[in-house]
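Data block below; observations after.
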Amino acid sequence: MRKMVRLVSTLVVITSAAWLTACSNKPVTKEAPAAKADPAVVAAGKAIATGRSKGNCLACHMIEDGESPGNIGPPLLAMQARFPDKAKLRAQIWDATAVNSESAMVPFGRLKVLTDDEIDKVVEYIWTL
């Protein structure tokens, strides 16, 4: 009986310690802060995204400071929360049909509507929204 009580007590202590460690607000790993985008690159990306001749994101998406936005696609808001991985945002712009074959979004990279450099600039801009 004493061995059972000691075993249970030990398990309670171990479980409590693990629970308290998990509940502490200290992160297990420290994430590196996101690198600040070059303002010139962001401005170039905005020009492409809001321009009516190339990116033309406003044809389908609402952008906070954009004129005459469309409503076919989702609003481009809180993009870092929606796409914590910038590479996934880039892949979505390059070819949205790779993830969703029914997507109405133009595959800007696959159809060569935008160059890789232009897509990179648009990603930098969109990720700031």
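The values are calculated or read from the model by the stated rules, or taken from the named source; none is laboratory data. Owing to the predicted nature of the structure, the values given are computational and were not obtained by experimental measurement. Don't worry about glycine lacking a Cβ; one is built from the backbone with ideal geometry, like all the others, and counts go over all protein chains shown.
Quick notes
- Residue that is nearest to the chain's Cα centre (by Cα), among those in segment 53-97 that are closer than 18 Å to residue 117 by Cα, without any contact (Cβ under 8 Å) to a residue 12 or more places away in the chain and assigned to a loop (DSSP other than H, G, I, E, B): 56
- Output for segment 98-125, where each listed residue is of a type in the set (A, V, I, L, M), in contact with a helix residue (DSSP H, G or I) (Cβ under 6 Å, 6 or more places away or on another chain) and either assigned to a loop (DSSP other than H, G, I, E, B) or closer than 16 Å to residue 40 by Cβ (or both): 105, 122, 123
- Count of segment 104-126 residues which are under 17 Å from residue 62 (Cα atoms), more than 12 Å from the chain's Cα centre (by Cα) and surrounded by 13 or more Cβ atoms within 10 Å (Cβ to Cβ): 4
- Number of positions in segment 51-65 that are surrounded by fewer than 18 Cβ atoms within 10 Å (Cβ to Cβ) and on the phi < 0 side of the Ramachandran plot: 9
- Being modelled with pLDDT under 50 and assigned to a loop (DSSP other than H, G, I, E, B) is a property that does not hold for residue 8.
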